[in-house]
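Everything on this sheet refers to the single structure shown next.
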Amino acid sequence: MSSPPSDVSTQPAEAAKSHKLWGGRFGASPTAAFDALNNSIGVDFRLWPYDVRLSKAWAVALWSANVLTLEESNAIESGLDVVSARLDAGEQPLPSDEDVHTLIDRLLHDAVGGVASKLHTGRSRNDQVATATRLWTMDACQRLDAAVRTLQQSMLDQARTIESALMPSYTHMQRAIPVSAAHWLLSHFWPLERDRTRLKAAQRSAAVLPLGSGAVAGCAYPISRVLLQGTLGFDAISPNSIDAVSDRDFIAEVLFTSTMIGIHLSRLAEDLIIYGSSEFGFVQFGEGYTSGSSMMPQKRNPDALELARGSAARMLGNLTALLATLKGLPTSYNKDLQDDKRTLFDATDTLLLVLPAVAGALGECSFRTERMYAALSSTMMATDLADYLVRKGATFREAHGAVGKLVRESESTGLELQALPVESFAAAHVLFGPDVMDALSPVQSVLHREVEGGTGPTAVRAQIDAARSALLPVPTPRSSNAAA
Ligand code: ARG
């Protein structure tokens, strides 16, 4: 079995044109077809700020382990600042740069010459890429959290405007029981709140330092991993170098969370799309996030919401691709892992496009509360009618049967429940009295549901307050660590 190329810093003369971190044991250059497959710079270029950061910390760690002199370490650190400034100014990689680590190594050689060759002592791209990806992920979780939060804020703002509006709730897509429209809208708020908890957990999983693990067996120089952890802002140090170079659980967690966010956005989008159809007419879309038809002049299509619904499929695809990759791997680093970043970046990029668009689309929706109210039919108060009988002493089963009869009569006569003659009520159950009409009012129906988490006006007010508190900024784990 052939072994993977080892990470060595000496380069063969012919490889010097295309700067490489390996090649000494090779007699010939790689084929163009191999480079095209193997080079990951097109995907991992965005990791450069993190790779520079960890490289600076590594230069200091090598100095404190007596591998570099203070001058060498300082020279590398300032060289990395030059690299950073060049990349910040828009310098693009060459197609021949194998990956972001190679690119930075090349630019560092440009900046400080031969001393740059000492930086790769005791480290491998295996612990390097894991570290850079974790740092990137820790930041990405915060960006995602902020984007989810903005959507939740837009939802809460809208919920406040429709707090006292009543609309049908649905189960099986069939009219069920009247609810406050805010109660419906906030049913999409709490799933996103759970997603933010998942994002925090994924961020914690990412905050474990792999640097110092080397290629697989641990660094052979006495570098201080505690120092690296502190400098780079990790919460913990990986306890096993073999695991550390191939642990991608944190990416799987981000992808699962992204998938859940995608699913939650998809369900919100689906509700809004259905409620925005002429048949429902509960929602009117704005003009900032919709498009027209090239053929049908009357159309205003909810494209942003449809694209959000569709994007959930991509999230799921990314999660599946990563899990399928991890499943078949032997322990430690294998090159299959290079594609982890495609899934991570695609999911994150997609969500960072979709979330603001959904927040904007929702923010510009106007809710047609009169259409919502008009959709409440008297049969939706059938449960309330049964509860009325229960309050008068009937068992629920008995009450259910009696009201069922009335609903059947209403269906066959085409009359609303409140339009049925008093005799029908009396025939259905002896406990029906003249106050029965109160039980058929949607306002009464909602008033009866003041249980915590219910749709009663006081319960909904409390829910709105709870949602507002959930959005108050809380100290991040990193800043609370710093304070400790
Ligand atoms: N570009 C690689 C990746 O993303 C870096 C690690 C390469 N390691 C190696 N032994 N060739 O996974």
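The values are calculated or read from the model by the stated rules, or taken from the named source; none is laboratory data. Quick caveat, the model's predicted, so the values are computed rather than measured. Methodologically, a virtual Cβ is constructed for each residue, glycine included, from the backbone with ideal geometry; neighbour enumeration extends over all protein chains shown. These area figures cover heavy atoms from the full protein model, side chains too; ligands, DNA and RNA do not enter into them. Shrake-Rupley method; radii C 1.70, N 1.55, O 1.52, S 1.80 Å.
Remind me, what semi-axes does the chain give for its equivalent ellipsoid, largest first in whole Å, using sqrt of 5 times each Cα gyration tensor eigenvalue?
Working: eigenvalues 771, 103, 75 Å².
For the chain, the semi-axes come out at 62, 23, 19 Å.
Near the amide H of Ala176, within less than 5 Å, lie the amide hydrogens of Ser169, Tyr170, Thr171, all on another chain or at least 5 residues away, with H placed in the peptide plane. Calculated FRET efficiency, Arg461 to Met296, Cβ-Cβ distance, R0 = 56 Å: about 0.85 to the nearest 0.05.
The H on the amide N of Ile237, modeled in the peptide plane, is under 5 Å from the matching H of Leu209, each at least 5 residues off or on a different chain. Name the residue farthest towards the positive end of the dipole of segment 49-188 from the options Ile177, Ala146, Ala159, assuming +1 on Cβ of Lys and Arg, -1 on Cβ of Asp and Glu, about the Cα centre. Comparing the listed Cα positions along the dipole, Ile177 ranks first.
Assuming R0 = 30 Å, can you tell me the calculated FRET efficiency for the pair Ala146 and Ser29, based on Cβ-Cβ distance, to the nearest 0.05? According to the calculation, E is roughly 0.10.
Converting phi to 3J(HN,Hα) with the Karplus coefficients 6.51, -1.76 and 1.60 and the offset θ = phi - 60°, segment 361-374 yields 4, 5, x, 9, 6, 10, 9, 9, 5, 5, 5, 4, 5, 5 Hz in sequence order, with x at every glycine or proline.
Placing +1 at every Lys and Arg Cβ and -1 at every Asp and Glu Cβ, with all other atoms neutral, what dipole size does segment 209-358 have around its Cα centre, in debye to the nearest 20?
Values: 11 positive and 16 negative charges, 41 e Å.
I would put it at about 200 debye.
Couplings 3J(HN,Hα) of segment 20-30, computed from phi: 10, 8, 8, x, x, 8, 9, x, 10, 6, x Hz, in residue order, whole Hz [Karplus 6.51 cos²θ - 1.76 cosθ + 1.60, θ = phi - 60°; x for Gly and Pro]. Subtracting the Cα-Cα distance of Ala65 and Ala236 from 0.36 nm times their residue separation leaves 59.5 nm of extension gain.
Give me the tail of P(r) for segment 169-239 as a percent: Cα-Cα pairs with distance above 15 Å. More than 15 Å apart: 70 percent of the Cα pairs in segment 169-239.
For segment 399-426 versus segment 368-388, the inter-centroid distance based on Cα atoms is 15 Å.
Considering only protein heavy atoms and a 1.4 Å probe, what is the carbon-and-sulfur percentage of the accessible area of segment 269-357?
56
Structural descriptor for the chain: relative contact order 15 percent, calculated from alpha carbon pairs under 8 angstrom and at least 6 residues apart. With each label modelled as a point 7 angstrom along the Cα→C-beta vector, the Ser412-Lys392 pair spans 2.2 nm. Here the label points at Glu279 and Leu323, each 7 Å from Cα along the C-beta direction, are separated by 3.3 nm in the simple model. Across segment 259-267, coupling constants 3J(HN,Hα) worked out from phi with the 6.51/-1.76/1.60 Karplus curve, θ = phi - 60°, read 5, 4, 4, x, 5, 5, 5, 4, 6 Hz, and Gly and Pro carry x.
Computed over the Cα atoms of segment 356-401, what is the ratio Rg over Rh, Rh following Kirkwood? All intermediate terms of the calculation are to be shown ahead of the outcome.
Values: Rg = 18.6 Å, Rh = 13.6 Å.
Result for segment 356-401 is an Rg/Rh of 1.37.
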